[in-house]
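Student: Just dropping this structure here.
The values are calculated or read from the model by the stated rules, or taken from the named source; none is laboratory data. Computed from a predicted model, the values in this text were never measured in an experiment. Methodologically, a virtual Cβ is constructed for each residue, glycine included, from the backbone with ideal geometry; neighbour enumeration extends over all protein chains shown.
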Amino acid sequence: MKLALFSSQRYEQSAFNELCPADVETQYFDVSLNAHTCSLCKGFDAVCVFVNDTLSAEVIARLADYGVGLILLRCAGFNNVDLAAAKKHKIAVARVPAYSPEAVAEHAIALILTLSRKIHKAYNRVREENFDLNGLLGFNLHNKTVGLIGCGKIGQAMVKILNGFGAKVLVCDPASPTGAFTLVAQDELLAKSNIISLHCPLNEQTHHIIDKPALATMKRGVMLINTGRGALLDTKACIEALKSGRLGYLGLDVYEQESELFFKDRSEEILQDDVFARLLTFKNVLITGHQGFFTQEALEQIVQTTYFNLHQFTKGDPLTNQVLDV
Ligand code: NAI
């Protein structure tokens, strides 16, 4: 079984090599998989991809021509795969549905606390021996209303942590989950929350779920956190809301155009993305480069589940973690 692993990073290679089954030969490509690079897949049985690889209908048709039978997503989200095309070409798609919901939830909480207590500013001040507290006034999470849009695995992990802080948790989710929170309609959540955190998948219904009209219904000075997918937010509308003060804080682990930026050292390059550049100018915006998943525990789980998915495929067993076109 020959596996081509795209968007490969050094930290993954050691984890994948360590757990690689004897009958699998894994080749690593640091480029992402897209229409320009998919000829690299010739001679492989399966491809392993991450969040910013592009599995469009065109790419999938070419994978089918090359005899690739399986797409292994080493992530939970599958918005970058044309599932209808995969079905048409009889290419199976499997993912890692839950590697560590706590890893992402804890990262979202880290963004909330860093912004609310201005830790990013304090860190720099103290390094310059500036111990002035002016401008660092924070706010308690206790008794604040936190709205979660989407309450699946990561959302539920958020609920547990937020209840520990004594926050009031509102949830909107069409699946009507149950737990220690109040289920409300999206409008009510937007209007009542002091902090809003996004934990739904990206799809046609949720694309720009936070747009200009949605922002207009939020409390003035609200904190918005996105560890889901970049295109859940209309980034330009968020910039306008930051300028007007409607958004008081913005914490992002994902960005609409992140495939052009994230997961590479670009410190020697001139930043070409003007929207991202504008985001960086706000003192109340905190951005991390899609690292919510990035803990030791989650990485091990990702590798184990990916090889498990490959093993089931090789044996011809039904794929426990198959992603189907619905
Ligand atoms: P999940 O599938 O367990 O839960 C998603 C929830 O969102 C479901 O309960 C679903 O009913 C709900 N939902 C769907 N449409 C909605 C809508 N219009 N409004 C409100 N809720 C809606 O997924 P999980 O594991 O909790 O992950 C959520 C998302 O987080 C993933 O789809 C992925 O995009 C993102 N993610 C980000 C990571 C990072 O490193 N930053 C890592 C892992 C996932």
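Student: So, in region 265-286, exactly how many residues are part of a loop (DSSP other than H, G, I, E, B), of a type in the set (A, V, I, L, M) and in contact with a helix residue (DSSP H, G or I) (Cβ under 7 Å, 6 or more places away or on another chain)?
Tutor: Number of matching residues: 1.
Student: Residue check: is LEU115 in a loop (DSSP other than H, G, I, E, B) and away from the ligand (no atom under 13 Å from the Cβ)?
Tutor: no
Student: Show the residue pairs meeting these rules: Cβ distance below 9 Å; 6+ apart or different chains; first residue within region 129-154 and over 23 Å from HIS207 (Cβ atoms); second residue of a type in the set (S, T, N, Q) and within 16 Å of the ligand (Cβ to nearest atom).
Tutor: Once the first residue is over 23 Å from HIS207 (Cβ atoms) and sits in region 129-154, its partners that are of a type in the set (S, T, N, Q) and within 16 Å of the ligand (Cβ to nearest atom) give LYS144/SER193; THR145/SER193; VAL146/SER193; VAL146/SER197.
Student: If you don't mind, another one. From the set of residues in region 265-298 that are under 16 Å from the mean Cα position of the chain (by Cα) and within 16 Å of ILE239 (Cβ to Cβ), which is nearest to the ligand (Cβ to nearest atom)?
Tutor: ILE287
Student: Give the number of residues within region 59-79 that are within 25 Å of the chain's Cα centre (by Cα) and either among the hydrophobic types (A, V, I, L, M, F, W, C) or modelled with pLDDT of 95 or more (or both).
Tutor: Of the residues in that region, 10 qualify.
Student: Is it the case that region 194-217 has a residue that's of a type in the set (Gly, Ala, Ser) and closer than 19 Å to SER116 by Cβ?
Tutor: Scanning region 194-217 turns up at least one residue that is of a type in the set (Gly, Ala, Ser) and closer than 19 Å to SER116 by Cβ.
Student: Next question. Considering only region 130-170, state which residues are more than 16 Å from the ligand (Cβ to nearest atom) and either in a strand (DSSP E or B) or of a type in the set (Ser, Thr, Tyr) (or both).
Tutor: Answer for region 130-170, where residues must be more than 16 Å from the ligand (Cβ to nearest atom) and either in a strand (DSSP E or B) or of a type in the set (Ser, Thr, Tyr) (or both): THR145, LYS168.
Student: Criterion first (among the hydroxyl-bearing types (Ser, Thr, Tyr) and closer than 27 Å to TYR28 by Cβ) does THR281 satisfy it?
Tutor: no
Student: Determine which member of the set ILE210, ILE239, ILE270 is touching a strand residue (DSSP E or B) at 6+ places or on another chain (Cβ under 6 Å), β-branched (Val, Ile, Thr) and modelled with pLDDT of 95 or more.
Tutor: The conditions single out ILE210.
Student: What are the pairs with Cβ atoms under 6 angstrom where one residue, in region 303-326, is modelled with pLDDT under 95 and the other, located anywhere, is small (Gly, Ala, Ser) and not in a loop (DSSP other than H, G, I, E, B)? Sequence gap at least six, or different chains.
Tutor: Qualifying pairs under 6 Å: ASP325/ALA84.
Student: Looking at SER176, SER193, which is the one that is surrounded by 20 or more Cβ atoms within 10 Å (Cβ to Cβ), assigned by TED's automatic domain parsing to the domain that holds PHE282 and small (Gly, Ala, Ser)?
Tutor: One residue alone meets the criteria, SER193.
Student: Wholly within region 186-264, which helices (runs of 4 or more DSSP H) include no fewer than the required count, namely at least 3 residues that are touching a residue at least 12 places away in the same chain (Cβ under 8 Å) and away from the ligand (no atom under 15 Å from the Cβ)?
Tutor: Output list reads 212-216, 235-244.
Student: A further question on this structure: Go through region 39-82 and count every residue that is in contact with a strand residue (DSSP E or B) (Cβ under 7 Å, 6 or more places away or on another chain) and of a type in the set (Val, Ile, Thr).
Tutor: 5
Student: Could you list all residues from region 80-101 that are crowded, with 19+ Cβ neighbours inside 10 Å and within 16 Å of the ligand (Cβ to nearest atom)?
Tutor: Of everything in region 80-101, those that are crowded, with 19+ Cβ neighbours inside 10 Å and within 16 Å of the ligand (Cβ to nearest atom) turn out to be ASN80, VAL81, VAL93, ALA94, ARG95, VAL96, TYR99, SER100, PRO101.
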